[in-house]
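K.L.:
Sharing a structure here in structure tokens format.
The values are calculated or read from the model by the stated rules, or taken from the named source; none is laboratory data. This is a predicted model, so every value here is computed, not measured. Note: ideal-geometry Cβ built from the backbone for every residue, glycine included; neighbour counts use all protein chains shown.
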Ligand code: 13P
Ligand code: SF4
């Protein structure tokens with residue numbers, strides 16, 4: 001598994017014509033050969049055939065913990081999206097872990113570099129820095145804690161680390177806001193306005209205390225100085241294109257057609273859906289709720305399609321429905337397939353690794369500050 005600057009030994013194209021059985025066999029051969037030196041992590045939104053090849057699955061918080069706790073592995077193949085692989089690189093290669101391994105890095109591989117996150121792309125670091133500078137003209141930024149959802153680039157996490165802030169996930173967003181309000185009277189939350197708004201509403205903060213910052217507006221994100229001065233949480237105008245597809249009329253239809261059904265949604269859903277749902281949670285919590293419910297429970301679930309379909313298959317004792325009549329799948333998570341996984345693993349073993357995610361030292365150092373706070377706050 002030594003790194004070289006050579007061109008990849010294997011091209012991707014031939015892998016695309018292999019059957020899933022052939023790919024599974026070849027991936028298994030590498031897993032047998034590398035044993036604990038290779039850790040394959042998978043987010044819950046991955047396709048079933050990919051989930052079947054991973055060592056551990058989790059939501060964003062759990063996957064971060066797994067990368068942080070990894071000890072024997074020397075390579076992590078991350079079946080998820082770009083920001084998750086960056087986070088794994090930062091946590092698996094933090095200074096004390098590097099010291100334990102005598103300086104040897106864990107190589108983190110994202111099988112397809114096009115597996116990004118459209119929400120993370122809605123907040124670029126220069127936009128955040130510009131917003132912070134503009135806020136400084138009307139507010140005391142020392143009294144604002146920046147909070148970034150983990151679905152963001154490492155450069156944003158580093159910004160947050162530098163400015164006394166914290167990273168949150170969908171499973172600890174409220175705790176992260178409470179942590180922030182213990183320090184400052186205001187929060188700036190990016191990039192997901194829905195997670196920020198839903199969480200803050202649950203803490204008694206009102207919508208007029210939550211102006212939305214539009215990075216494309218000419219001045220002050222489209223707000224007046226007064227709106228910002230009376231704010232408690234300044235929300236970034238970003239969203240998840242998958243979760244924004246769920247609508248209140250879908251909830252109404254399920255309740256009409258299936259009396260007693262429980263509506264269970266991810267907090268990235270818009271407020272109108274979130275507020276009328278029965279339950280909410282990260283993908284990990286959604287799974288735990290379905291697993292622990294009595295047989296015969298009826299669920300309409302508002303999160304990515306692959307996860308809901310898997311829950312439906314794995315829990316025939318319960319009635320599981322997808323909350324939307326239209327297909328809401330995460331196209332970028334879906335880019336990770338067995339062909340890319342096999343191709344990246346075979347190149348790794350051949351000593352010509354592809355798609356390594358390595359965050360530069362300075363960014364990693366400050367991101368780690370904010371990520372360690374995230375791991376402490378639950
Ligand atoms: P969690 O798995 O942390 O709930 O996040 C969902 C998601 O959208 C990941 O991008
Ligand atoms: Fe990003 Fe939404 Fe896909 Fe999650 S589901 S990776 S937030 S686009």
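K.L.:
Can you tell me which of 98, 63 is within 15 Å of ligand 1 (Cβ to nearest atom) and either buried (at least 22 other Cβ atoms within 10 Å of the Cβ) or free of Cβ contacts under 8 Å to residues at least 40 places away in the same chain (or both)?
P.N.:
Values: 98 fails: within 15 Å of ligand 1 (Cβ to nearest atom).
After applying the criteria, what remains is 63.
K.L.:
Just checking, does the stretch 153-163 include any residue being modelled with pLDDT of 95 or more, farther than 21 Å from residue 271 by Cα, within 16 Å of ligand 1 (Cβ to nearest atom) and assigned to a loop (DSSP other than H, G, I, E, B)? Show your work before the answer.
P.N.:
Going residue by residue through the stretch 153-163, those that are modelled with pLDDT of 95 or more are 153-163.
The next check asks that each one be farther than 21 Å from residue 271 by Cα; those that pass are 153-163.
Next cut, within 16 Å of ligand 1 (Cβ to nearest atom) only: 153-154, 156-157.
Cutting the leftovers down to assigned to a loop (DSSP other than H, G, I, E, B) gives us 153.
Looking for residues that are modelled with pLDDT of 95 or more, farther than 21 Å from residue 271 by Cα, within 16 Å of ligand 1 (Cβ to nearest atom) and assigned to a loop (DSSP other than H, G, I, E, B), one finds at least one in the stretch 153-163, hence yes.
K.L.:
Would you point out the residue of the stretch 226-254, among those that are within 13 Å of ligand 2 (Cβ to nearest atom) and part of a loop (DSSP other than H, G, I, E, B), that is surrounded by the most Cβ atoms within 10 Å (Cβ to Cβ)? Break it down stepwise before answering.
P.N.:
Step one: list which residues in the stretch 226-254 are within 13 Å of ligand 2 (Cβ to nearest atom), which gives 238-246.
When the remaining residues are screened for being part of a loop (DSSP other than H, G, I, E, B), the result is 238-242, 246.
On the way: 238: 25, 239: 19, 240: 26, 241: 15, 242: 26, 246: 28.
Checking each candidate, the answer is 246.
K.L.:
Only one of these conditions is not met by residue 277: (1) within 16 Å of ligand 1 (Cβ to nearest atom); (2) surrounded by fewer than 21 Cβ atoms within 10 Å (Cβ to Cβ); (3) in a loop (DSSP other than H, G, I, E, B). Which number is it?
P.N.:
(2)
K.L.:
Out of all the residues in the stretch 68-79, is one or more within 14 Å of ligand 1 (Cβ to nearest atom), surrounded by 18 or more Cβ atoms within 10 Å (Cβ to Cβ) and closer than 19 Å to residue 357 by Cβ? Talk me through it step by step, then tell me what you get.
P.N.:
Step one: of the stretch 68-79, the residues within 14 Å of ligand 1 (Cβ to nearest atom) are 78-79.
The next check asks that each one be surrounded by 18 or more Cβ atoms within 10 Å (Cβ to Cβ); those that pass are 78-79.
Those still in the list that are closer than 19 Å to residue 357 by Cβ too: 78-79.
Within the stretch 68-79, one or more residues are within 14 Å of ligand 1 (Cβ to nearest atom), surrounded by 18 or more Cβ atoms within 10 Å (Cβ to Cβ) and closer than 19 Å to residue 357 by Cβ.
K.L.:
Does residue 199 satisfy being within 16 Å of ligand 1 (Cβ to nearest atom), touching a helix residue (DSSP H, G or I) at 6+ places or on another chain (Cβ under 6 Å) and assigned to a helix (DSSP H, G or I)?
P.N.:
Details: within 16 Å of ligand 1 (Cβ to nearest atom): yes; touching a helix residue (DSSP H, G or I) at 6+ places or on another chain (Cβ under 6 Å): yes; assigned to a helix (DSSP H, G or I): yes.
Considered against the rule, which asks whether it is within 16 Å of ligand 1 (Cβ to nearest atom), touching a helix residue (DSSP H, G or I) at 6+ places or on another chain (Cβ under 6 Å) and assigned to a helix (DSSP H, G or I), residue 199 comes out as yes.
K.L.:
Further, regarding this structure: Among the residues that make up the stretch 316-338, is at least one of them over 21 Å from residue 268 (Cα atoms), buried (at least 23 other Cβ atoms within 10 Å of the Cβ) and out of contact with any strand residue (DSSP E or B) (no Cβ under 9 Å at 6 or more places or on another chain)?
P.N.:
yes
K.L.:
Of the conditions (1) closer than 21 Å to residue 330 by Cβ; (2) touching a helix residue (DSSP H, G or I) at 6+ places or on another chain (Cβ under 6 Å), residue 190 fails just one. Which one is it?
P.N.:
(2)
K.L.:
Right, another one. Which numbered condition in (1) without any contact (Cβ under 8 Å) to a residue 40 or more places away in the chain; (2) assigned to a helix (DSSP H, G or I) is the only one that residue 217 fails?
P.N.:
(2)
K.L.:
On to the next question. Among what's in the stretch 339-362 and is surrounded by fewer than 19 Cβ atoms within 10 Å (Cβ to Cβ) and outside any loop (DSSP other than H, G, I, E, B), pick the residue that is nearest to the chain's Cα centre (by Cα).
P.N.:
Applying the first criterion (surrounded by fewer than 19 Cβ atoms within 10 Å (Cβ to Cβ)) to the stretch 339-362 yields 349-352, 356, 358, 360-362.
Subset that is outside any loop (DSSP other than H, G, I, E, B): 349-350, 356, 361-362.
Values: 349: 28, 350: 30, 356: 19, 361: 22, 362: 22 Å.
Of everything passing the filter in the stretch 339-362, 356 is nearest to the chain's Cα centre (by Cα).
K.L.:
Given 373, 310, 365, which one is in a helix (DSSP H, G or I), in contact with a strand residue (DSSP E or B) (Cβ under 8 Å, 6 or more places away or on another chain) and either touching a residue at least 40 places away in the same chain (Cβ under 8 Å) or within 16 Å of ligand 1 (Cβ to nearest atom) (or both)? Show your work before the answer.
P.N.:
On the way: 310 fails: in contact with a strand residue (DSSP E or B) (Cβ under 8 Å, 6 or more places away or on another chain); 365 fails: in contact with a strand residue (DSSP E or B) (Cβ under 8 Å, 6 or more places away or on another chain).
Sole residue among the options that is in a helix (DSSP H, G or I), in contact with a strand residue (DSSP E or B) (Cβ under 8 Å, 6 or more places away or on another chain) and either touching a residue at least 40 places away in the same chain (Cβ under 8 Å) or within 16 Å of ligand 1 (Cβ to nearest atom) (or both): 373.
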